[in-house]
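A quick write-up on the structure given underneath.
The values are calculated or read from the model by the stated rules, or taken from the named source; none is laboratory data. None of these values were measured; they are calculated from a predicted model. Note: ideal-geometry Cβ built from the backbone for every residue, glycine included; neighbour counts use all protein chains shown.
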Amino acid sequence: MRNKRFNIRKSGEKELDVDITSLLDILVILLVFLLKSYNASDLKLEVAKNIDLPKSKSMTLGNMAVIVQVSDQKEIWINNRKIGRYLASSDEKIEILYSALEEEAKNQDKAIKELETTAPRDNNDKSALATRKANRKKVNIVMDQSVPYEVLRKVMHTSALAGFPEFKFIVQGNF
Amino acid sequence: MKRRVKKSAAPCKPNVIPILDAVFIFIFFLLMSAQFLEIYEIGSDAPSVKTVSEDQPKDKKPPLNLTLEVSKSAIVMKTGLDGNIHKTIGLKDGNYDFDQLARELVTLKKGHVSETSIIIRPDSKVEYKKIVYIMDTCRELPKETPSIVAKNDKGVTVETRSLFEQIIFETII
């Protein structure tokens, strides 16, 4: 069977000419679509279940920093790790969030110190250190749109106490 | 001199295989890095405290100190250090009248073009979604509104499309 095929090609018959124009058209359209949806932000976010982000006109791209998520059921995540549920109380500080953020702050400080003590090898190391330092006090707040301000206020209060006083509200764009 | 054109020559076919390879690799790269949910951020800082000594010269113009008190039924705009009520914006079709809020903010910005900060004091029960709408209205001019042209504190004419970008939540600490 193989020999037969081989012989046919060898016999000098015309080579099969595939028209790839339509395939190229599809590829170009796909390329344009993907280029449009490309996001240059270094913020990699996995929005937790039951979180419906509020829509906004903002066009400011987010930056990588500690991420605090609160769902409509008032469950709390830090950097995609569930830490518990918010329980209404008269205290302004959310204890579980505070202890988790404090630990995160310690880890970040340690990482910055390590980067500072080891001599930067190239420009990438220098920019990594500068980015870490710039984002050290930032906290990305990802919150369901139905959550009342009381919870947001307590999250902000706790974050500020734990050493993250720059709040970045993550919103859904294209509104 | 006349050039001879070969009429019988077969049309030249460019070799597109290397381009196709490059395009395929590019598509995979873009597919991996594509984010189909458009995510952006709105910034806000915790309020900071600054001690001002008696010896320091006082500002010629009194500060705007614009504060929005947001309750479930209205937005109260307050200005000045004494917190005088500038305007109360009620509900319209069950939601805050954002058009009126934008108009009032534009009027205030024209008088204080160098001012960039606004204090928001929402009620505990106000939904996060509504706070985001209010922040959006406070930050930028609506698309259909022309840019603000006014003289700043130094007497220089400036043109701007931003309103009060620096949002501070008063009740945090």
Original post:
If you go through region B:122-143 one residue at a time, do you hit one that is of a type in the set (S, T, Y), in contact with a strand residue (DSSP E or B) (Cβ under 9 Å, 6 or more places away or on another chain), surrounded by fewer than 17 Cβ atoms within 10 Å (Cβ to Cβ) and closer than 22 Å to A:P165 by Cα?
Top reply: yes
Original post:
For the subset of region B:124-145 comprising residues that are without any contact (Cβ under 8 Å) to a residue 12 or more places away in the chain and not in a helix (DSSP H, G or I), which member is farthest from the other protein chains (Cβ to nearest Cβ)?
Top reply: B:E144
Subject >> Residue list for region A:124-175, filter: crowded, with 21+ Cβ neighbours inside 10 Å, of a type in the set (D, E, K, R) and either assigned to a loop (DSSP other than H, G, I, E, B) or more than 10 Å from every other protein chain (Cβ to nearest Cβ) (or both) >> reply: A:D144
**OP:** Give me the pairs, please: first residue somewhere in region B:39-51 and more than 22 Å from A:K57 (Cα to Cα), second residue anywhere and among the β-branched types (V, I, T) and at pLDDT 85 or above, beta-carbon distance under 6 Å, and either six or more positions apart or on two chains.
**Re:** B:P47/B:I168
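Checking the condition modelled with pLDDT under 90, touching a strand residue (DSSP E or B) at 6+ places or on another chain (Cβ under 8 Å) and at the interface with another protein chain (Cβ under 9 Å from one of its Cβ atoms), which residue from B:T171, B:T157 passes? First the steps, then the outcome.
Details: B:T157 fails: at the interface with another protein chain (Cβ under 9 Å from one of its Cβ atoms).
That would be B:T171, the only listed residue that is modelled with pLDDT under 90, touching a strand residue (DSSP E or B) at 6+ places or on another chain (Cβ under 8 Å) and at the interface with another protein chain (Cβ under 9 Å from one of its Cβ atoms).
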**OP:** Could you list, in sequence order, all residues of region B:100-119 that are of a type in the set (D, E, K, R) and either free of Cβ contacts under 8 Å to residues at least 40 places away in the same chain or surrounded by 18 or more Cβ atoms within 10 Å (Cβ to Cβ) (or both)?
**Re:** B:R103, B:E104, B:K109, B:E115
Subject >> Any hit, region B:54-77, residues being in contact with a His (Cβ under 7 Å, 6 or more places away or on another chain) and modelled with pLDDT of 80 or more >> reply: yes
Original post:
Can you name the residue in region B:16-48 that is under 29 Å from the mean Cα position of the chain (by Cα) and in a helix (DSSP H, G or I) and, of all such residues, is surrounded by the fewest Cβ atoms within 10 Å (Cβ to Cβ)?
Top reply: B:S33
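Please find, among A:D91, A:D122, the residue that is within 24 Å of A:I76 (Cα to Cα) and modelled with pLDDT under 85. Quick ask: steps written out before the conclusion?
Numbers: A:D122 fails: within 24 Å of A:I76 (Cα to Cα).
Answer to the check: A:D91.
In the set A:V68, A:V32, which member is more than 9 Å from chain B (Cβ to nearest Cβ), assigned to a helix (DSSP H, G or I) and either closer than 12 Å to B:Y40 by Cα or not basic (K, R) (or both)?
Numbers: A:V68 fails: assigned to a helix (DSSP H, G or I).
Only one candidate qualifies: A:V32.
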**OP:** Could you list all residues from region B:79-95 that are within 18 Å of B:S114 (Cα to Cα) and part of a strand (DSSP E or B)?
**Re:** B:T79
**OP:** Look through B:I148, B:I118 and report the one residue that is away from chain A (no Cβ under 13 Å), in contact with a helix residue (DSSP H, G or I) (Cβ under 6 Å, 6 or more places away or on another chain) and at pLDDT 90 or above.
**Re:** B:I118
